[in-house]
Amino acid sequence: MLFSQKENHNTALILSNNYSPLTAPAMSDYLEDFLAFRQTSLTTKKTYAKAIRVFISYLSDEEITTPTEETLLAFREHLFNKSLEATTIASYINALKQLFNWLEEKGLYKNIARNIKGAKVNAQYHRKEALTQEQAKSILESLKGNSLEAKRNYAILLLALCCGLRTIEIVRANKEDITFKLGSKVLLIQGKGKLDKADFVKLPAPVEEAIKDYLQERGEAPATAPLFASNSDRNHGKRLTTDSISRIIKSSFRGVGLDSKTLTAHSTRHTFITLFLMNGGTLEEARQIARHSSINTTMIYNHALERAKNNGEAKVCSLLVG
């Protein structure tokens, strides 16, 4: 086993601090309490749960009952060997850092993850693609229809593409959130990590009309009802989940032959910001309209556009090959 001599030494240190062994079954028992303790979104909790269960499985396979810092280093190497993306590895390590911090606070186990780093992620470019203008138009055209579901899905995609909303912002929207501000029709939104609906996006006329058409088809519902609701027998009228929104958007991509792991629901937001910058929008305007807290986040889009325009490879190749 990797780091066996050093692990034995660290294991002795952990046990000398009166911590009980942390077996895979014990970690499984702690997992539910840890997730209940975390005040975070359901999506984040699912990510934590998946990462920690992978680690629990690793402990079981390796028959490790007292994990140490070296155990985590070996686990990280194990993830690298499985050819996982750097962002996935980083998210797994972050989940374990949160877990072991909680375990130490509860007096259950030493925080062996304090000094562990994840995989380095290149923040200069986004991992998810933006749609081209033609692709986006093709998707919207394919969704047009007269059924309740077709009108809902068309309104969702048009709102996401024309206003750059995140899936969680679409999920949280209520009927009453459509209102006026300074003479413009807007949708109040509760952004990521926000507790209230202090932000808003302006609704272009086609977006407003699409939402209105859908709501009329849906029928009467109180002002506090979700803006977009489920049509299924089981959850009819209830708020869609982020997973549901993601499936609707991903399905719309596949409907026009776009099936790539780099095209996800978040690609609609990338598309909005990219098209805005490509058509004369400034970085500061993009930052404001995308509701980025830092201009550095917005600059990632600009880096991608600048790189796309840079034809250095072709220039050098033309010097070397006729």
- Query: Which of the aspartates and glutamates could a cross-linker span from residue 181 if the Cα-Cα distance has to be under 16 Å and same-chain partners fewer than 8 positions apart are dropped?
  - Reply: 199, 208
- Task: Mind giving me the nanometre distance, one decimal, between the label points for residue 101 and residue 38, set 7 Å out from Cα along Cα→Cβ?
- Result: 1.1 nm
- Note the full-extension length gain between residue 62 and residue 29 as 0.36 nm times their separation in residues minus their Cα-Cα distance, in nm to one decimal. 10.0 nm
- Please list the radius of gyration and Dmax for the chain, considering alpha-carbon atoms only, with Å as the unit. 24.1, 74
- Task: Could you pull out every one of the lysines with an alpha carbon less than 24 Å from that of residue 82, ignoring same-chain neighbours closer than 8 positions?
- Result: 45, 46, 50, 97, 117, 120, 128, 261
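Classify the stretch 193-288: rounded, prolate or oblate, from the alpha-carbon gyration tensor (a ≥ b ≥ c, eigenvalue square roots; a/c under 1.5 rounded; otherwise prolate if a/b is larger than b/c)?
oblate
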- Of 137/309; 185/250; 144/212, which sit over 18 Å apart, Cα to Cα? 137/309; 185/250
- the chain: longest stretch without exposed GluC sites (Glu not before Pro) (DSSP loop, at most 12 other Cβ within 10 Å), sites themselves excluded? 64-219
- Helical contribution to [θ] at 222 nm, DSSP H n ≥ 4, -39,500 (n - 2.57), averaged over the chain, rounded to 500: -18500 deg cm²/dmol
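What is the Å³ per residue value for the convex hull set by the Cα atoms of the stretch 133-281?
128 Å³
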- For residue 190, net neighbour charge (Lys/Arg +1, Asp/Glu -1) across residues whose Cβ lies under 14 Å away: +2
- Theoretical FRET efficiency, 1/(1+(r/R0)^6), r = Cβ-Cβ of residue 316 and residue 85, R0 41 Å, to 0.05: 0.85
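Coordinate-derived values only; no laboratory data. No experiment lies behind these values; they were computed from the predicted model shown. Ideal geometry is used to build each Cβ from the backbone, glycine not excepted, and the neighbour counts take in all protein chains shown.
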